[in-house]
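The structure appears below as structure tokens.
The values are calculated or read from the model by the stated rules, or taken from the named source; none is laboratory data. Quick caveat: nothing in here was measured; it's all calculated off a predicted structure. Positions of Cβ are generated from backbone atoms using ideal geometry, with glycine treated the same way; all protein chains shown enter the neighbour counts. When the accessible area is computed, the model is the full protein with side chains, heavy atoms only, and any ligands, DNA or RNA have been set aside. Shrake-Rupley method; radii C 1.70, N 1.55, O 1.52, S 1.80 Å.
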Amino acid sequence: MYRILLADDDVELCRLLTEYLTAENFDVDSAYDGETALEQALTGNYHIIVLDIMMPRLNGLEVLKKMQGKVDTPVIMLTARGDDIDRIVGLEMGADDYLPKPCNPRELVARLRALLRRVEKSLKPEKESKKAVGDLTISLTERTVLLERQSVNLTSTEFNVLQALLNHAGEVVDKQKLTQESLLRKLTPHDRSIDMHLSRIRKKLGNYPDGGQRIKTIRGIGYIYVVQGLAAEG
Amino acid sequence: MALFGASSALLVAHFKTVQGPKPLQTARLLRHLQGMMRRNADRELISDWLRQYQDDVFKIYIVDEKGDELLQRVVPEALLQALKEKPPMPLRGFSRFSRPGMPPLMDRAELEQPLFIKPVVLNGELFHLLIDNRRLRGLARLFHPFGIAGRIVIAFILSGAICFFLASYLIIPIKKLQSATHRIAGGQFSDSIQAEIIARKDEIGDLGRDFEYMAKRIESALLSQQRLLRDVSHELRSPLARLQIALGLAHQRSNGLIEPELDRIELEVERLNDLVAQSLSLARLNNQIQLAEKKPLNLNEILIQAVLDADYEAQEKQCRVVLAESAQCTILGDSTLMLSALENLLRNAVNYTPVDTQVEVSIELSDDEIVVTISDQGDGVPEESLDDLFKPFFRVDEARTHLNGGYGIGLAIAERAVHLHQGRIQASNSENGGLIMRIVLPLLIDFPLGQAVEK
């Protein structure tokens, strides 16, 4: 049974959601304010944390910031529907997924399961331990990224997204496939989660030294990791 | 202008066009001479006396018996002629002149003679005092410092100055008030009236203060309306969130017994959710005066993404959304906002286009503008309602209960978003019945297209 920390200031909502999630075989603890949520999160007792942004004392983003570097429990951020800014900031802070609130509980459960599968998968040792594409080397066992021998700090989700993209380096990967392979769930309408993760990875890796784009957007389809050697030969 | 004309006329009328001194001045001159005669002034003294009038506008001359002027000036021919014609009439004493303290012996008519000649005996020598009293004629009259032209010029300068002063005092503030009301109409309520008008103590100042008060009242009314929409939407979110979870619980426990009903409830909850989210988006856009973040955007890419998304949704009702014409172009703006504006417009078009038809989208460039056209094949909208389409929750026909409901908030959001991009949306009916939306946006010209543009 998976243990979930549910942090939301709406007590009644927490009660209902606990009931729902218990029926779906989760063990749920609730926190009604940011400080309690942070305290409980730092115990490391949870498989996953569901964090609402609007909370008294410490808001969700502050909790996320204070958690970073101390515990690496995956986080799903609940953002207020219609507040695009919160959503973007939440992902920039390094949440693993987001869900607009009010949300369908079935969707929440689907996201929880996908995230848990991802975490478990990343814990299993890979057969192929290292993968190099151009000046970029990623270690699948250590889950680290080296760019010209400089280490790049990626979150677990970002690592998964980059890995999925590198598996098809030099070819266009559509967003459905990318979402399925890296977030282990289906792409839903108006779901820009994958775009947000990629924009963060892009920022962290930067362009090629000659100014060429490392990760290109192919309009309406998806993304491509550009391999420079291939482009030159072709 | 009437004021200007009147003041000019007044000034022109005020001056007379006579070359010589006024009768009273002439009499005074004569009295001076009389005094000098009594004191037996010599030629030198008379010359000195005459010299002080040398620079006057009105020329007075004194000539001796030989016809030489005392200050060697050229005497007007007419005066010399008159002197010749007039028989020399030596004065017997000074009795012809007034005595000190007595009224002048000469009457006004005599003093105003056009060619005034007065014999004077000084030190036993006969002199003549000559004054040119003729009226000025022709060009001389026109260009005399107090002639018509001179007076008109002076009148123009003076009344022009007065008019300028009056205009700057009365008309300029009214112009400023007018521009302030334009600002109020454009939605800028605070500080719309200039401080210099508010500070005035006259009626214009009163008017300015009243305007300011009115603007504040309108602003607060508008704000409270927007705040109500925002607060209601905000407050609806928490019960909706709980409702959705409770619905999930009901699903878990129904064992498939009331599944269709629960699905129906779920659909309506989803619609409510969308409505709340849109209301909040609109409220946020209404609060924005300008875009928080502006970047060069490739509008074509954004449009393609919106068209592909809309086409995907449209296929559910056997419709298509096609991009008939595309052009590479760059705008300055916010990509998320622009995308949501286009999505809302496309979704609306898909909603109203009949089954098995297509929504046509095109993008065209002019010198400095981009025109995106979205046309559906629906029934169009009555001409008088075209402008109202962009009002939140507008319905074309109050009584109509269309399956799709009203136009909701989507178009209001799109309009506001385009407005924030310095653009405009026009709705019109096409000849074959559908509705055409034209989005006009300023083209970012100086930006080379090859450069990387955020999508």
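Observations on the structure shown:
- Every pair of residues 6+ apart whose Cβ atoms lie under 6 Å, when the first sits in segment B:308-321 and is in the same structural domain as B:ASP376 (by TED's automatic domain parsing) and on the phi > 0 side of the Ramachandran plot while the second is open to solvent by less than 100 Å² (accessible area, probe 1.4 Å) and of a type outside the set (Ser, Thr, Tyr): B:GLN318/B:VAL355
- Verdict on B:LEU275 being in contact with a Pro (Cβ under 8 Å, 6 or more places away or on another chain), touching a residue at least 12 places away in the same chain (Cβ under 8 Å), open to solvent by 40 Å² or more (accessible area, probe 1.4 Å) and outside the structural domain of B:LEU332 (by TED's automatic domain parsing): no
- Listed by position, the helices (runs of 4 or more DSSP H) enclosed by segment B:113-198 that each have at least 3 residues that are modelled with pLDDT under 80 are B:138-143, B:148-185.
- Pairs meeting the criteria (first residue in segment A:129-144 and over 16 Å from A:ASN160 (Cβ atoms), second residue open to solvent by 50 Å² or more (accessible area, probe 1.4 Å) and of a type outside the set (Asp, Glu), beta carbons under 6 Å, at least 6 apart or on different chains) are A:SER129/A:THR141; A:GLY134/A:GLN228; A:THR137/A:LEU146.
- The set of residues in segment A:107-116 being within 12 Å of chain B (Cβ to nearest Cβ) and touching a Phe, Trp or Tyr at 6+ places or on another chain (Cβ under 9 Å) consists of A:LEU108, A:VAL109.
- Number of the exception - B:PRO87 against (1) open to solvent by 20 Å² or more (accessible area, probe 1.4 Å); (2) at pLDDT 80 or above; (3) more than 23 Å from B:PRO21 (Cβ to Cβ): (2)
- Check on B:ALA250, out of contact with any strand residue (DSSP E or B) (no Cβ under 6 Å at 6 or more places or on another chain), free of Cβ contacts under 8 Å to residues at least 24 places away in the same chain and outside the structural domain of B:GLU364 (by TED's automatic domain parsing): yes
- If the condition is being at pLDDT 85 or above and more than 8 Å from chain A (Cβ to nearest Cβ), then segment B:255-268 contributes B:ILE258, B:GLU259, B:PRO260, B:GLU261, B:LEU262, B:ASP263, B:ARG264, B:ILE265, B:LEU267, B:GLU268.
- Residue count for segment A:36-82, restricted to those that are open to solvent by 70 Å² or more (accessible area, probe 1.4 Å) and part of a loop (DSSP other than H, G, I, E, B): 9
- Residues (away from every other protein chain (no Cβ under 11 Å) and surrounded by 14 or more Cβ atoms within 10 Å (Cβ to Cβ)) located in segment A:7-26: A:ALA7, A:PHE26
- Each residue in segment A:71-101 was checked for being modelled with pLDDT of 75 or more and either more than 14 Å from chain B (Cβ to nearest Cβ) or touching a Ser or Thr at 6+ places or on another chain (Cβ under 8 Å) (or both), and 14 of them qualify.
- Residue within segment B:68-80 that is assigned to a helix (DSSP H, G or I), open to solvent by 10 Å² or more (accessible area, probe 1.4 Å), modelled with pLDDT of 75 or more and under 14 Å from B:PHE116 (Cβ atoms) present: yes
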